[in-house]
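S.K.: Have a look at this one before I ask anything.
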């Protein structure tokens with residue numbers, strides 16, 4: 001018997017919901033703010049055992065339930081590896097109680113690690129509620145921990161073939177899953193709220209992009225992990241002798257970590273974490289926004305590079321600031337930038353080449369204006385209400 005659309009209630013299952021100010025969490029928050037009030041419930045876990053509650057101003061407009069799953073930010077030991085999978089069945093049983101109590105009609109899981117994906121699958125099997133997945137990144141083949149590598153393959157296989165809908169973040173990710181499983185996935189790109197006026201952004205861009213006077217700020221915002229470090233090292237070397245050109249880094253990563261991995265230099269300025277409310281102004285006031293993805297030949301990182309669409313991408317596109325992409329030719333962001341003309345791509349890990357392109361970008365007003373206009377046109381595909389409607393349609397809410 002089909003469920004009336006008006007009575008549909010979705011159980012949203014994901015670790016990311018408890019950190020809505022960060023990356024994937026921000027994506028989920030933007031999407032579900034466009035869902036009708038009362039149409040969904042959040043089943044998540046605390047990133048840290050000391051977290052009491054998601055900050056009120058960051059919460060989704062729904063009831064929250066917290067699974068007693070192990071923190072994904074803890075040091076990963078053999079003991080933790082065993083515990084995180086032993087916790088799956090109790091979490092699934094907790095989820096079943098939520099399904100009964102809240103009269104849930106459908107389940108959607110947004111996986112960041114294996115145990116919650118398997119939890120959602122067991123809930124689906126036992127409740128017989130339709131299951132959907134939203135892959136923000138590769139799942140199997142994207143695990144550096146050996147036990148997670150082993151388990152991610154069968155878990156992904158089971159969940160993919162059990163799901164009614166499979167949503168994916170990028171065209172390359174879509175191609176990967178469509179070919180791997182001979183299925184038809186649904187493209188659901190990064191959403192962003194385009195509250196600012198596009199014409200105003202273009203006009204502001206024309207005003208602020210004056211003649212290059214020897215000083216400029218290149219800005220990077222967001223998390224820094226293995227997929228960015230080598231590119232940031234290249235940029236730090238490229239600007240080392242460019243007097244007046246600075247790299248401004250806004251990241252929750254501590255400065256000691258950046259020093260340790262060699263993202264340092266007299267022209268590198270560390271600002272730490274910036275609240276989401278400040279990010280737009282920071283990005284808009286930059287001279288260049290830096291969008292990197294690793295040149296590492298490590299098979300895991302290379303696969304991620306081919307398919308990954310960084311959470312900051314629509315923010316960069318919406319900023320009115322020229323974008324410099326530093327990534328291999330096979331990277332998704334390199335393909336996307338060239339296809340729509342919104343970024344200059346440096347696809348070789350050569351600091352000297354980076355320096356040449358930076359100078360060209362700073363000095364060529366026509367190029368800057370073209371990049372910004374193309375970016376503002378491209379970001380329309382990421383407008384949150386359009387993206388949310390794709391998801392709502394897939395889940396049967398419209």
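S.K.: Without any contact (Cβ under 8 Å) to a residue 60 or more places away in the chain, surrounded by fewer than 18 Cβ atoms within 10 Å (Cβ to Cβ) and assigned to a helix (DSSP H, G or I): does that describe residue 360?
M.R.: The answer is yes for residue 360.
S.K.: Taking segment 254-289, which residues are surrounded by 20 or more Cβ atoms within 10 Å (Cβ to Cβ) and over 22 Å from residue 217 (Cβ atoms)?
M.R.: Within segment 254-289, no residue meets the criteria.
S.K.: Additional query: State which residue is modelled with the highest pLDDT when the search covers only segment 35-50 and only residues that are touching a helix residue (DSSP H, G or I) at 6+ places or on another chain (Cβ under 7 Å) and part of a loop (DSSP other than H, G, I, E, B). Don't jump to the end; show me each part of the working.
M.R.: Pass one, segment 35-50, residues touching a helix residue (DSSP H, G or I) at 6+ places or on another chain (Cβ under 7 Å): 35, 40-47.
Going one step further and asking which of them are part of a loop (DSSP other than H, G, I, E, B), we end up with 35, 46-47.
Values: 35: 94, 46: 67, 47: 55.
In this case the residue turns out to be 35.
S.K.: On the given criteria, is residue 329 surrounded by fewer than 22 Cβ atoms within 10 Å (Cβ to Cβ), without any contact (Cβ under 8 Å) to a residue 24 or more places away in the chain and over 25 Å from the mean Cα position of the chain (by Cα)?
M.R.: no
S.K.: Quick check on residue 292: is it surrounded by fewer than 20 Cβ atoms within 10 Å (Cβ to Cβ), touching a helix residue (DSSP H, G or I) at 6+ places or on another chain (Cβ under 7 Å) and touching a residue at least 40 places away in the same chain (Cβ under 8 Å)?
M.R.: It is false that residue 292 is surrounded by fewer than 20 Cβ atoms within 10 Å (Cβ to Cβ), touching a helix residue (DSSP H, G or I) at 6+ places or on another chain (Cβ under 7 Å) and touching a residue at least 40 places away in the same chain (Cβ under 8 Å).
The values are calculated or read from the model by the stated rules, or taken from the named source; none is laboratory data. Note that the coordinates shown come from a computational prediction; the quantities given were computed from them, not determined experimentally. Note that we place each Cβ from the backbone using ideal geometry, even for glycine, and neighbour counts take in every protein chain shown.
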